[in-house]
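Input: a single structure, listed below in structure tokens.
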Amino acid sequence: MTQITPSRSQIPELNPPYRLLLGPGPCNVDPRVLRISSAPQLGHLDPEMFTILEETAALLREVFQTKNDMTLCVSGSGFSGAEAVLSNLLEEGDTLIAGSLGFFSGRIVDIASRVGATVINLETEPGQPLEAATLEKAFQENPGVKLFATAVAETSTGLRQPLEELERVTHAHGALFVVDAVCGLGGIPVKVDEWKIDACYAGSQKCLGALPGLAPVTLNERALETIKKRRKPVQSYYLNLEALNRYWNGDHTYHHTICSNLVYGMREALRITCEEGLEARFARHQLHGDALKAGIKALGLRILTEPGYELPVLTAILLPKGVDEMHIRKTLLSRYNIEIGGGFGALQGRLIRIGLMGYNANSQNVYTVLEALEHVLPESGYPVTRGTAIQAVDDFYASQH
Ligand SMILES: Cc1ncc(COP(=O)(O)O)c(C=O)c1O
């Protein structure tokens, strides 16, 4: 690798191109979020900052639909929330059942193993949900399981995992019920209290519509008790949730230097979410996700996800053999400034993934990405009749009035 020697002439002022971010996240954020994120910084121990933290936590409780005191943002992306929750609840020698629905919930296995837990991995086929009977069997075969964790929204396959039955089975066996809502929160219902979720972690940069870099988490009393009863202190200083909660919701004792501007952006994104109203926001995501799927199906393309389990916020589209996934994505980016996602692992090269999340979930983006796809698909090996998807979307929206 050749290193460049920085000099003023070689490294100009940065002026990144505008991208329409229609992949699995990050998404474009509301200009209100961008504006407040460039407001003057506050120190992390400024009294004004403490008020902002408390307001942000209060708004987060609204969006998580919980009264949990321990509701805060971990400094880091979605996986920092996963690490925080799992490494605080689990200890060496504990056993966890993981509902691995794809790449992202599959990382629960990795994170829990690093903590030293024994992992029973229940892996589903791509796009298929985890059945309650499978979980029941795993609990029966493995007495003493401490925790079951899975995702409500698996971004790698566009799967929406029903949680009701899984919760019932988990609690019937006395284990903790932990949910990854990184992709779901703010776009589909995540009712922490009503669904008896003991611990939940999320991400900022998807349906919540904030910038990457903060991971909302919420834990109930039972989860908190589990942490209090640990045999050994949490291995991670940085992700110690009791200390983080003291900084966010207690006497604000220093733990680490939080980025005030990221918190401003999160607070504004949550204000926008609450202004819109949760039900209206979920309905908006559903409407435009359905419109996109109508256009995709009109093109003769198949959705990977089992029918009835599709996420509205992320559509995973299977490509027939011979269609060049890389060409589609590269051309959308270079010609239209549109970013979409590809497939992970075995699905690499066989899948494109389109996200309509937060600020980006609107009809303009449905039309824009489908127009662009109608243009790009034929030169990527998939002939289409121009206008087919657009007509289907027109018909779909008309049918909704
Ligand atoms: C379901 C799910 N979990 C976890 C993550 C990891 O989040 P991050 O990349 O913000 O660390 C993602 C990211 O796409 C996700 O979709």
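The values are calculated or read from the model by the stated rules, or taken from the named source; none is laboratory data. Please read these numbers as outputs of a predicted model, since none were measured by experiment. Please note: Cβ atoms are built from the backbone with ideal geometry, for glycine as well, and neighbour counts cover all protein chains shown. Accessible surface areas use protein heavy atoms only, side chains included; no ligands, DNA or RNA. Shrake-Rupley method; radii C 1.70, N 1.55, O 1.52, S 1.80 Å.
Give the percent of DSSP beta bridges with both residues in the chain that are antiparallel, rounded to the nearest 5.
Details: 21 of 41 bridges.
Counting only bridges with both partners in the chain, antiparallel ones make up about 50 percent.
Taking the mean number of other Cβ atoms within 10 Å as a proxy for protection, how do you rank 203-216, 58-71 from highest to lowest? Provide the component values of the computation, followed by the final result.
Details: 203-216: 27.6, 58-71: 20.0.
Going from most to least packed, we get 203-216, 58-71.
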**OP:** Give me Rg over Rh for segment 12-166, both radii from the alpha carbons and Rh done the Kirkwood way, two decimal places.
**Re:** 1.04
Original post:
In whole Hz, what ³J(HN,Hα) sequence does segment 314-329 give by Karplus (6.51, -1.76, 1.60; θ = phi - 60°), x for Gly and Pro?
Top reply: 9, 10, 9, 10, 6, 9, x, 3, x, 8, 8, 4, 5, 5, 4, 5
**OP:** Using only the C-alpha atoms of segment 278-399, find the volume of their convex hull and express it per residue in Å³.
**Re:** 107 Å³
Subject >> Along each principal axis, Cα extent of segment 167-247, largest first, Å >> reply: 38, 33, 17
Subject >> Close Lys-Lys pairs in the chain, where close means Cα under 21 Å and separation is 8 or more or interchain >> reply: 15
Original post:
So what is the diffusion coefficient of the chain in µm² per second by Stokes-Einstein at 20 °C and 1.002 mPa s, using a Kirkwood Rh over Cα pairs?
Top reply: 97 µm²/s
Original post:
What ³J(HN,Hα) values, in whole Hz, does the Karplus curve 6.51 cos²θ - 1.76 cosθ + 1.60 give for segment 18-32 when θ = phi - 60°, with x put for Gly and Pro?
Top reply: 6, 10, 8, 8, 10, x, x, x, x, 10, 5, 9, 4, x, 4
**OP:** Would you grab the residues whose amide H sits under 5 Å from the one on L214? Only those 5+ places off in sequence or on another chain, please, with H modelled 1.01 Å from N.
**Re:** G76, S204
Original post:
Scattering from the C-alpha atoms of segment 91-190 alone, worked out with Debye: what is log10 I(q)/I(0) at q = 0.10, 0.12 1/Å?
Top reply: -0.23, -0.34
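Determine the sum of side-chain charges near L42: Lys and Arg each +1, Asp and Glu each -1, restricted to other residues whose C-beta is under 14 angstrom from that of L42. Mind showing how you got there, number by number?
Details: positive: R267; negative: D46, E48, E54, E55.
Counting the neighbours of L42, the net charge comes to -3.
Provide the net charge surrounding Q286, with neighbours chosen by a C-beta distance below 12 Å and charges set as Lys +1, Arg +1, Asp -1, Glu -1. Mind showing how you got there, number by number?
Values: positive: R160, R281, R284, K293; negative: E279, D290, E310.
So the surrounding residues net to +1.
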**OP:** Give the long-range amide H neighbours of L185: residues separated by 5 or more places, or on another chain, with amide H under 5 Å away, using H modelled in the peptide plane at 1.01 Å from N.
**Re:** G203
Subject >> Relative contact order (%) - criterion: Cα under 8 Å, at least six apart; region: segment 278-399 >> reply: 32 percent
Subject >> Proximal charge balance of S380 [Cβ under 14 Å; K/R count +1, D/E count -1] >> reply: +1
Original post:
Under the definition of Cα pairs under 8 Å and six or more residues apart, what whole-number percent is the relative contact order of the chain?
Top reply: 22 percent
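Take the solvent-accessible surface of the protein heavy atoms, probe 1.4 Å, and return the percent of it on segment 238-343 that carbon and sulfur atoms account for.
51 percent
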Original post:
Hey, got the dipole for the chain? About the Cα centre, +1 on K and R Cβ, -1 on D and E Cβ, debye to the nearest 20?
Top reply: 680 debye
Original post:
Taking a probe of 1.4 Å, how large is the accessible area per residue of the chain, in Å²?
Top reply: 44 Å²
Original post:
Between L351 and residues 5 or more places away or on another chain, which pairs have amide H atoms under 5 Å apart, with H built 1.01 Å from N, and which residues are they?
Top reply: L319, G343
Subject >> Separation of alpha-carbon centers, segment 296-324 and segment 85-158, rounded to whole Å >> reply: 26 Å
**OP:** Round to a whole angstrom and tell me the spacing of the C-alpha centers of segment 333-349 and segment 168-228.
**Re:** 28 Å
**OP:** Assign unit charges at the C-beta atoms only (+1 for Lys and Arg, -1 for Asp and Glu), then state the dipole size of segment 278-399 relative to its Cα centre in Debye, rounded to the nearest 20.
**Re:** 240 debye
Original post:
For a label point 7 angstrom out from the Cα of S363 toward its Cβ, which stretches of segment 378-401 have the backbone nitrogen within less than 19 Å?
Top reply: 387-401
